[in-house]
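Below is one structure, written out as structure tokens, with a few remarks after it.
The values are calculated or read from the model by the stated rules, or taken from the named source; none is laboratory data. The structure displayed is predicted, hence computed values, not measured ones. A quick note on method: Cβ atoms are made from the backbone with ideal geometry, for glycine too, and the neighbour counts reach across all protein chains shown.
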């Protein structure tokens, strides 16, 4: 975990792409990213399953096992999580997990964090709170929750949906551990988040959704006689063997 934790730097944050399969991961490794996360929406949707209800747990574990063969740190989104899930992905080669509270009881999520750190102390636990996700933000509740999760042993805290500079600065000031922010196109820049003290910037489902949009765009271009972008990965680039560690 130490090398992965060291990537969470003030002034030089970890920009963490989130992947849904080995092909997307390999191209991002080739692009020079030192760490990758998984996206629970991407993994679930790619397998025709709903996100957020642990329907894709088996697929996530298999993906973790495959990603662990790549020369990159891998952290895994295990949704609300469990001790068993954390132990399983750690055994498969993950260096970290993302666990969300889904706005459940603070004590329950804090207890889970504590249990995971007891069972797999080397695993980097990114404790997510959903105070700003798909709902109006509640800064006071956010600060309460992230402090409780940090006290329980979380190695970082994650507040997806957090957008305003003042709120981000308040979250960064409230805890000593790295703060993870979900990149929101049109709302964030890496430079601005860096200046606010954010130490980890993740893409969540953004890359997966962008890939879906690009798929439809290319198909429509073929159908309608418009140009298709020429700078695509080649067949040979995609059809190479796995990267050894």
Original post:
Does the range 28-39 hold any residues that are in contact with a strand residue (DSSP E or B) (Cβ under 9 Å, 6 or more places away or on another chain) and either under 18 Å from residue 182 (Cβ atoms) or not in a loop (DSSP other than H, G, I, E, B) (or both), and which are they?
Top reply: 28, 29, 33, 35, 36, 37, 38, 39
**OP:** Being buried (at least 18 other Cβ atoms within 10 Å of the Cβ) and over 13 Å from residue 71 (Cβ atoms) is the filter here, so list the residues in the range 24-49 that pass it.
**Re:** 24, 37, 38, 39, 40, 41, 42, 43, 44, 45, 46
**OP:** Collect the residues in the range 178-187 that are under 14 Å from residue 206 (Cβ atoms), assigned to a loop (DSSP other than H, G, I, E, B) and at pLDDT 95 or above, keeping them in residue-number order.
**Re:** 183, 184, 185
Original post:
Can you tell me which residues in the range 147-177 are closer than 16 Å to residue 12 by Cα, touching a helix residue (DSSP H, G or I) at 6+ places or on another chain (Cβ under 9 Å) and not in a strand (DSSP E or B)?
Top reply: 177
**OP:** Return yes or no: is residue 227 touching a residue at least 60 places away in the same chain (Cβ under 8 Å), in contact with a helix residue (DSSP H, G or I) (Cβ under 7 Å, 6 or more places away or on another chain) and not in a helix (DSSP H, G or I)?
**Re:** no
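Here's the yes/no breakdown for (1) more than 23 Å from residue 117 (Cα to Cα); (2) surrounded by 15 or more Cβ atoms within 10 Å (Cβ to Cβ); (3) touching a strand residue (DSSP E or B) at 6+ places or on another chain (Cβ under 9 Å):
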{"site": "165", "(1), (2), (3)": "yes, no, no"}
{"site": "171", "(1), (2), (3)": "no, yes, yes"}
{"site": "185", "(1), (2), (3)": "yes, no, no"}
{"site": "188", "(1), (2), (3)": "yes, yes, yes"}
{"site": "209", "(1), (2), (3)": "yes, yes, no"}
{"site": "213", "(1), (2), (3)": "yes, no, no"}
{"site": "218", "(1), (2), (3)": "yes, no, no"}
{"site": "227", "(1), (2), (3)": "yes, no, no"}
